[in-house]
1. Can you tally the net charge around B:Ala303? Count Lys and Arg as +1, Asp and Glu as -1, for every other residue whose Cβ sits under 10 Å from the Cβ of B:Ala303.
2. Using 1/(1 + (r/R0)^6) with R0 = 22 angstrom and r between the beta carbons of B:Phe467 and B:Phe138, what's the FRET efficiency to the nearest 0.05?
3. FRET efficiency for B:Leu51 and B:Ala498, Cβ-Cβ distance as r, R0 = 45 Å, nearest 0.05?
4. Distance from the Cα centre of region B:37-99 to that of region B:284-308, in angstrom?
5. Could you work out the relative contact order of chain A, using alpha carbon pairs under 8 angstrom and six or more residues apart, expressed as a whole percent?
6. For a quick check of understanding: with a 1.4 angstrom probe and all protein chains in place, what accessible area in square angstrom does B:Glu247 have, to the nearest ten?
7. Report, in deg cm²/dmol and to the nearest 500, the calculated mean residue ellipticity at 222 nm for the protein assembly as shown, where each DSSP H run with n ≥ 4 adds -39500 (n - 2.57) and the sum is divided by the residue count.
8. Between B:Arg252 and B:Ala286, how high is the FRET efficiency from 1/(1 + (r/R0)^6) when r is the Cβ-Cβ distance and R₀ = 22 Å? Nearest 0.05.
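The values are calculated or read from the model by the stated rules, or taken from the named source; none is laboratory data. Since this is a predicted model, take the numbers as computed values, not measurements. Cβ coordinates were reconstructed from backbone atoms using ideal geometry, including for glycine residues, and neighbour counts include every protein chain displayed. These area figures cover heavy atoms from the full protein model, side chains too; ligands, DNA and RNA do not enter into them. Shrake-Rupley method; radii C 1.70, N 1.55, O 1.52, S 1.80 Å.
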Amino acid sequence: MSRLGSIVRDGDIVSGALLAALGTYIISRASTWDYMTANGPGPGFFPLWYGICIVALSLALVGHALFKGISETHEPIDWRGVGRAIVTWLAFVIATALMPFLGFVIAFTLLCLCLIHIVFRQPLLRAIVASVAITAVFKLIFVVLLQLDLPIGPLGI
Amino acid sequence: MDIINGLAHGFGIALVPQNLLWCFVGCFLGTVVGILPGLGPAATIAILMPLTLNMDPAGGIIMLTGIYYGAKYGGSTTSILLNMPGESSSVVSCIDGYQMARNGRAGAALGIAAIASFIAGTVGIVLLTLVAPAVARFALSFSAPEYFALMAFGLSLVVLLSGASLLKGLLALLVGLWLSTIGIDLFSAQSRFTFGRSELLGGLDFVVIAIGVFAIAEILTTIQHRQEGTLIPVPKGFRNLLPSREELKASRFAFVNGSFTGFIIGVLPGAGSAIASFIAYGIEKAVSKRKEMFGKGAPEGLAAPEGANNADTGGALVPLLTLGIPGGGTTAILLSALVLWGIRPGPLMITESPDIFWGLVASMYVGNVVLLLLNLPLVPLFAQLLRVPTWILFPVIFGLSIIGAYSVSERIFDVELLAAFGLLGFLMAKTGFPSAPLILGFVLGDAMERALRQSLMMSQGDLTTFFQRPISLVLLIAAVVILLLPLVSWFNRARVRAISEGA
């Protein structure tokens, strides 16, 4: 495996770099706000200090990962498992994006259908029946019985 | 109000039929949650919290706390029958519990777990009843610098004991602090880190973060590592759940060990019930005359951790209720629930909200009995829950999570944030960052900044104010020592390695 590939796969180096970037952003924003005022510390005081700590510790994390040496013997990544998790998350994101337009009932039924049929590999008919049943139970409990307001779609449901 | 009168007042509240019902519902849900792998009490409480906000605060907190300690009971069932902990604190129970079940003593193992949980849980609550008022009286002398130092001390323990590396725990904590500062600054009205989004002016909602980081991330992680286990059938009939005289005799000291170890570890912020059960197991093995039986189905090896993880609950509520300092993710959610009801946990809670404080404590005595009654005869029924397929369970959890996040402010934006925090929690789990410090950083961040700024306003910017007050000085020194401990042990290991390589 190439050294660059190892760095990319080393979670500590990547997460440390991302956190260092976050810390730098926090410091840059905090430095534009008052650090100290006549009434005491300003809005920039606390963020500036934890921002500095984030940068220092994330650099320490990267340094530690490099110091211990990038492992060439990573455990093989379970790409199939990661794929299942990512598909699940994407289905959730898409359902959320559709919810203002389709309403909770339709968007959530589609989410259930995707999870049950694609992620859990259940037969389509079973997935459709289960998705509709689960959504119907939710609608009954939360909207009808508990009177919660959930997003409503074009069909009025 | 003294302890006896307080407790009597509390039973008057806990035994109201409505609150009894909520206590039963909480214990029942907790047991179910403990049994089902992939959904912990933190995620469940976070999901249900928005739905309880319209309830009477006493009933609401009684139910949510019932879920918390009920899950400790339920977790043992999965450990014993499936060798798969339903809850993180039940990991140690797998060692001897599953072996007992494999040796044909599944019923006795479930019985011992229930008895240990009941005894230790009750001891934990008795100690909570006795200790909490004294801690609250002591904390009444605290002002802003002491509170800041106390939070620094609590957070230092959290990162040290969070299980992952010190660096990662600290970084997760700092990210939590950052999240807590998003929105309008209450002192100056300056908007901070809002990225131009008006939805963020009011700050992030704790419920959304907690459901995302706990529930959604747990679902994604479980979907990634789909595990199957072999379920050992539960013997039918109540008599088969009773341990033998020899098993009870072997466990008698483990009940005591588990009770006190669990409570003491529970009081320490950040330690958590998983550590309590590990330590109780270690003590039991160290003092046992039949060490060779441990790992092969020793009943005392099951009783000690099961007791510890239940007594831990009483201990964990001491800093939460008397100081307003949660020790872990679940108690952080309980703290937020109380705050949303307008109750501020801390030294004044016992006098200002006696109904909530004493009602909650008394309900835990009741809940412990409810759990014993639920767990002994109904274990075979609960065990059937393990047969619910995940393809039904996970869409249901998703639905509850979406509704929980949406119902806070009735905004789709919160569901979008839920997705973002779910991904963040999943990535944190993948890269070994603990999520509890992030949650605690978020919960305590606002109060910590306020205490820091009030202290510096009082001292006109003089930082030495924290070192001139004895309590704050001691707490800050303790925090620094705790943070330096891993460095000392690392230095010692390096020195030993250098000496052995030199020789």
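1. Its environment carries a net charge of -4.
2. Values: r = 21 Å, r/R0 = 0.94.
Here the calculated transfer efficiency is 0.60.
3. Details: r = 58 Å, r/R0 = 1.29.
Calculated value: 0.20.
4. Using only Cα atoms to place each centre, the spacing works out to 23 Å.
5. 19
6. 20
7. Details: 26 runs with 467 residues, N = 660.
Mean residue ellipticity at 222 nm (helix-derived): -24000 deg cm²/dmol.
8. Details: r = 17 Å, r/R0 = 0.77.
According to the calculation, E is roughly 0.80.
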